[in-house]
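Heads up: the structure comes next, in structure tokens.
The values are calculated or read from the model by the stated rules, or taken from the named source; none is laboratory data. A quick note: this is a predicted structure, and the numbers were derived from the prediction, not measured. Cβ: placed from backbone, ideal geometry, glycine included. Neighbour counts: every protein chain shown.
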Amino acid sequence: MEEYQSMAKSIKELKNPLIIIALISALTHLLILGSGIYLNRIKVEEMSAFEVCHKGMTELFSNNPSSSFFNKTVLKDVKEEVFEVEQLSLIKMLGDFNCDVIAKDHKGHRSYRVRLEKNPKFSHLYRIVDVKGQRLTSSYQWEEKL
């Protein structure tokens, strides 16, 4: 009988530390949940490669390219370039990381080969790393120059 009483006494002595551990655990879980909610609120706007190609080239043609869509080397290369584009005629994807943009200006149609790179650290998941342009004789022609 004495053995059962000492066991009951031991259980009562463990009760207070167990309550404190449970409270600390509950507060920790609430803290983790709150930080998860906060971080999810600051979500990056992910765009498809097509959307990045379209919005990036629209910025470029309006002579206002931003670093969220373009690599620093492209920004440096087009810094002194002035575009006078009337309209974007066609955008087509050429694989996962390339697109072809056909634009019309006062001289005729031009085609721009756009190369993208993907990285979760980018503000839109994709970024334009290279733009090559050429004059077209028709709006669907691209000359392969090797």
* Asked: Which residues, counting only those in segment 43-58, are among the hydroxyl-bearing types (Ser, Thr, Tyr) and assigned to a helix (DSSP H, G or I)?
  -> THR58
* Residue within segment 102-112 that is loosely packed, with under 10 Cβ neighbours inside 10 Å and over 15 Å from VAL129 (Cα atoms) present -> yes
* Do any strands (runs of 3 or more DSSP E) entirely within segment 73-129 hold 2 or more residues that are of a type in the set (A, V, I, L, M) and within 12 Å of GLY56 (Cβ to Cβ), and if so, which? -> 85-93, 108-118
* **Sole exception among (1) modelled with pLDDT under 90; (2) touching a Phe, Trp or Tyr at 6+ places or on another chain (Cβ under 7 Å) for LYS43, by number** => (2)
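Every residue, every condition in (1) under 24 Å from the mean Cα position of the chain (by Cα); (2) in the same structural domain as ARG127 (by TED's automatic domain parsing); (3) loosely packed, with under 10 Cβ neighbours inside 10 Å, yes or no:
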{"site": "ASN16", "(1), (2), (3)": "no, no, yes"}
{"site": "ALA26", "(1), (2), (3)": "no, no, no"}
{"site": "SER35", "(1), (2), (3)": "yes, no, no"}
{"site": "LEU39", "(1), (2), (3)": "yes, no, yes"}
* Residues within segment 56-68 that are touching a residue at least 40 places away in the same chain (Cβ under 8 Å) and not polar (S, T, N, Q), tallied -> 4
* Asked: Which ones in segment 69-86 are among the aliphatic types (A, V, I, L, M) and without any contact (Cβ under 8 Å) to a residue 12 or more places away in the chain?
  -> LEU75
* To do: Read through the list (1) over 18 Å from ASP130 (Cα atoms); (2) touching a strand residue (DSSP E or B) at 6+ places or on another chain (Cβ under 9 Å); (3) of a type in the set (D, E, K, R), then give the number of the only condition that GLU117 fails.
  => (1)
* Answer yes if at least one residue in segment 59-70 is surrounded by fewer than 15 Cβ atoms within 10 Å (Cβ to Cβ), on the phi > 0 side of the Ramachandran plot and either part of a strand (DSSP E or B) or not hydroxyl-bearing (Ser, Thr, Tyr) (or both), and no otherwise. => yes
